[in-house]
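Below: the structure, in structure tokens.
The values are calculated or read from the model by the stated rules, or taken from the named source; none is laboratory data. The model shown is predicted, which means the values in this text are computed figures rather than measured ones. Glycine also receives a Cβ, built like all others from the backbone with ideal geometry; neighbour counts cover every protein chain displayed.
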Amino acid sequence: MAIEAVAGFDAWADRTGDGRRADRYITPPMKPTPKRRSYSIICVRRRPGDRTQGWLTADSLRVLVALGRGGIKANKREGDGGTPRGCFRLVRLWWRPDRGPRPRALLPLRPIATADAWCEAPSDRRYNRPIRLTRGQPGDRLWRDDGLYDLVVELDHNARPRIAGRGSAVFIHVARPGLRPTAGCVALPRAHLRRLVERCGRNTRISIY
């Protein structure tokens with residue numbers, strides 16, 4: 001039995017020995033999609049003259065970002081508005097499924113639900129961990145109206161070990177208009193954040209200094 005390409009079709013046609021074309025088509029093998037290479041390191045450095053903004057670089061990407069209202073702090077404390085100094089692992093990507101398509105990402109993905117939140121109470125045994133809240137309970141809710149948490153990269157700051165009062169809910173997330181200061185997170189304009197997360201993987205680290 002011979003196999004030949006049929007002009008005008010993205011398929012292959014079987015022909016029987018006497019030249020009659022069979023009804024069955026065989027799709028040619030698809031070329032493998034090139035794998036996206038994850039960033040090894042994302043660097044954030046304070047912008048000279050403004051402690052609440054910084055420059056984020058990752059390979060060829062360079063973008064101005066918002067930092068905490070307290071600037072970069074080596075001795076981060078709960079509620080001080082500081083962005084913690086150090087090198088941290090990227091854990092997973094949270095996103096609002098009602099605000100956009102599933103992100104292209106190499107990190108584990110978790111859709112945000114209305115009850116999802118983060119524990120910021122140092123006296124709580126769940127401190128600096130994701131929790132679920134009922135209406136009216138205090139906590140940093142991930143389901144927000146302002147869009148800041150439409151895309152959220154979870155960092156392992158104060159995670160191993162967790163120390164009460166040393167800071168919680170430090171993320172990479174969508175920036176406010178005008179790159180206004182955060183409560184301690186690193187924030188990017190939405191388009192830049194989408195581009196960044198496409199190459200953030202389990203081995204990516206963020207260095208903040």
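Key figures for this structure:
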| item | result |
| --- | --- |
| Some residue of region 91-111 being out of contact with any strand residue (DSSP E or B) (no Cβ under 8 Å at 6 or more places or on another chain), over 27 Å from L179 (Cα atoms) and surrounded by 15 or more Cβ atoms within 10 Å (Cβ to Cβ) | no |
| Flag for I72 being buried (at least 19 other Cβ atoms within 10 Å of the Cβ) and either touching a Ser or Thr at 6+ places or on another chain (Cβ under 9 Å) or under 21 Å from Y149 (Cα atoms) (or both) | yes |
| Criterion violated by G165 - all others in (1) at negative phi; (2) in contact with a Lys or Arg (Cβ under 9 Å, 6 or more places away or on another chain) satisfied | (1) |
| D10 being modelled with pLDDT under 95 and in a strand (DSSP E or B) | no |
| Qualifying strands (runs of 3 or more DSSP E) (wholly inside region 150-195; at least 3 residues being touching a helix residue (DSSP H, G or I) at 6+ places or on another chain (Cβ under 8 Å)) | 171-174 |
| Tabulated pairs, region 190-209, first in the same structural domain as V152 (by TED's automatic domain parsing), second among the polar types (S, T, N, Q) and not in a helix (DSSP H, G or I), C-beta under 6 angstrom, 6+ apart or interchain | R199/S38; G201/S38; T204/S38 |
| Selected residue [polar (S, T, N, Q), touching a Gly at 6+ places or on another chain (Cβ under 7 Å) and at pLDDT 95 or above] from T57, T52 | T52 |
| So D124, is it among the acidic types (D, E) and either free of Cβ contacts under 8 Å to residues at least 24 places away in the same chain or crowded, with 18+ Cβ neighbours inside 10 Å (or both) | yes |
